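Right, one structure below, let's go through it.
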Amino acid sequence: FARQTPGTGVQPHSDGRNFILTSHLGLKVPEGCWIQVGDERKSWSEGKLTTLDTSFEHSTGNPTDSDRHVLIIDFWHPELTSAERAALEFVYDLRNKFEKGKIPFRLSRASIKKREEEQEGMGFMGIWKSLTGGGDDEE
């Protein structure tokens with residue numbers, strides 16, 4: 001859901017993603033609110049979808065004294081092949097898992113080198129303890 005407060009706007013920008021289209025469902029749209037894509041400026045209609053390709057430069061404005069509310073729905077561009085869609089789904093799924101901390105990350109080369117230097121001469125048990133956090137406690 002997107003709310004735009006009175007007297008505000010979104011500056012012209014592009015998200016560069018031409019593989020996704022976006023629809024806005026007008027929920028509460030005061031007269032005078034607008035969305036511009038390229039050189040074309042339109043308004044939303046309550047209860048109707050407005051679909052746009054946000055890879056084109058777009059902006060919005062609410063010059064009224066009331067909030068504007070739309071529901072934003074992103075979906076795959078219909079001209080994507082099934083292989084392209086599968087690849088993009090894989091990338092987005094991986095990104096979402098990474099952002100949630102569900103994907104381990106690779107240590108930097110500097111971190112690996114530092115760890116190796118710290119472990120040099122420690123022997124097998126020293127390395128094992130550094131990896132497992134184990135102490136000298138026995139059960």
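The values are calculated or read from the model by the stated rules, or taken from the named source; none is laboratory data. Because the structure is predicted, anything quoted here is derived from the model rather than measured. No Cβ is skipped: glycine too gets one built from the backbone with ideal geometry, and neighbour counts run over all protein chains shown. Keep in mind that these areas ignore ligands, DNA and RNA; they rest on the heavy atoms of the full protein, side chains included. Shrake-Rupley method; radii C 1.70, N 1.55, O 1.52, S 1.80 Å.
What are the residues in the stretch 82-107 that are open to solvent by less than 70 Å² (accessible area, probe 1.4 Å) and farther than 30 Å from residue 44 by Cα, if any? Answer for the stretch 82-107, where residues must be open to solvent by less than 70 Å² (accessible area, probe 1.4 Å) and farther than 30 Å from residue 44 by Cα: 86, 87, 96, 101, 103, 107.
With the requirement that a residue be assigned to a helix (DSSP H, G or I) and either among the charged types (D, E, K, R) or closer than 20 Å to residue 76 by Cβ (or both), what does the stretch 89-106 give you? Reasoning before the result, please.
Within the stretch 89-106, the first condition is being assigned to a helix (DSSP H, G or I), and the residues that meet it are 89-99.
Listed by number, the residues that qualify are 89, 90, 91, 92, 93, 94, 95, 96, 97, 99.
Could you grab me the full set of residues in the stretch 4-38 that are among the charged types (D, E, K, R) and either at pLDDT below 95 or under 30 Å from residue 83 (Cβ atoms) (or both)? Selection gives 15, 17.
Within the stretch 108-120, the set of residues being among the small types (Gly, Ala, Ser) and either under 19 Å from the mean Cα position of the chain (by Cα) or surrounded by 10 or more Cβ atoms within 10 Å (Cβ to Cβ) (or both) comprises just one member, 111.
Candidates in the stretch 15-61 are the residues that are within 17 Å of residue 2 (Cα to Cα) and of a type in the set (Val, Ile, Thr); of these, the one that is most open to solvent (accessible area, probe 1.4 Å) is 51.
Taking the condition of being modelled with pLDDT of 95 or more and either within 20 Å of residue 21 (Cα to Cα) or open to solvent by 30 Å² or more (accessible area, probe 1.4 Å) (or both), how many residues in the stretch 62-74 meet it?
Final tally of qualifying residues: 9.
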